[in-house]
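The values are calculated or read from the model by the stated rules, or taken from the named source; none is laboratory data. Being a predicted model, the structure only gives us computed values, none of them experimental. In this analysis, Cβ positions are derived from the backbone assuming ideal geometry, glycine residues included, and neighbour counts consider all displayed protein chains. For the accessible areas, the whole protein counts, side chains as well, though only heavy atoms, and no ligand, DNA or RNA atoms are used. Shrake-Rupley method; radii C 1.70, N 1.55, O 1.52, S 1.80 Å.
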Amino acid sequence: MVGTQMNVFGVLLGFLLPILIIGDYTEGEELTEAEKDDYKGKMFTMMITTALFSTVVFLLVLFTFRDKPGVPIWSTKTSESHQRLANQAGHPKEPEMPIKD
């Protein structure tokens with residue numbers, strides 16, 4: 001769930017950051033040397049910001065991500081206890097799926 005939300009957030013930043021940092025530019029517009037230097041500085045700032053943000057996220061994932069969850073998400077034991085609780089509550093037993101070869 002968090003990964004999906006962060007993916008959308010990353011796409012949002014990827015579209016908005018260049019617009020916010022660099023600003024408007026009309027294609028075909030002739031720029032003076034001062035404006036070109038200004039755009040170069042803004043591009044450098046944007047690339048450094050993206051690189052730093054990506055590095056921080058990478059380090060967080062590297063040091064906090066676990067290979068396996070601490071507790072199994074679902075096991076046969078919990079499945080049996082859920083089925084027993086469902087039977088006590090009066091819910092019908094789930095039909096078993098036939099195995100097809």
Long-range neighbours under 9 Å by Cβ, at least six apart or interchain, first residue assigned to a helix (DSSP H, G or I) within segment 4-16, second open to solvent by less than 90 Å² (accessible area, probe 1.4 Å) and modelled with pLDDT of 80 or more = Met6/Val57; Gly10/Val57; Leu13/Thr50; Gly14/Thr50
task = Among what's in segment 1-18 and is open to solvent by 80 Å² or more (accessible area, probe 1.4 Å) and modelled with pLDDT under 80, pick the residue that is nearest to Thr49 (Cα to Cα).
result = Met6
query = Pairs under 9 Å by beta carbon, first residue closer than 21 Å to Thr50 by Cβ in segment 21-39, partner open to solvent by less than 80 Å² (accessible area, probe 1.4 Å) and part of a loop (DSSP other than H, G, I, E, B), six or more apart or different chains?
reply = Tyr25/Leu31; Asp38/Leu31; Tyr39/Gly23; Tyr39/Leu31
request  = Could you grab me the full set of residues in segment 26-45 that are hydroxyl-bearing (Ser, Thr, Tyr) and either surrounded by 10 or more Cβ atoms within 10 Å (Cβ to Cβ) or in a helix (DSSP H, G or I) (or both)?
outcome  = Tyr39, Thr45
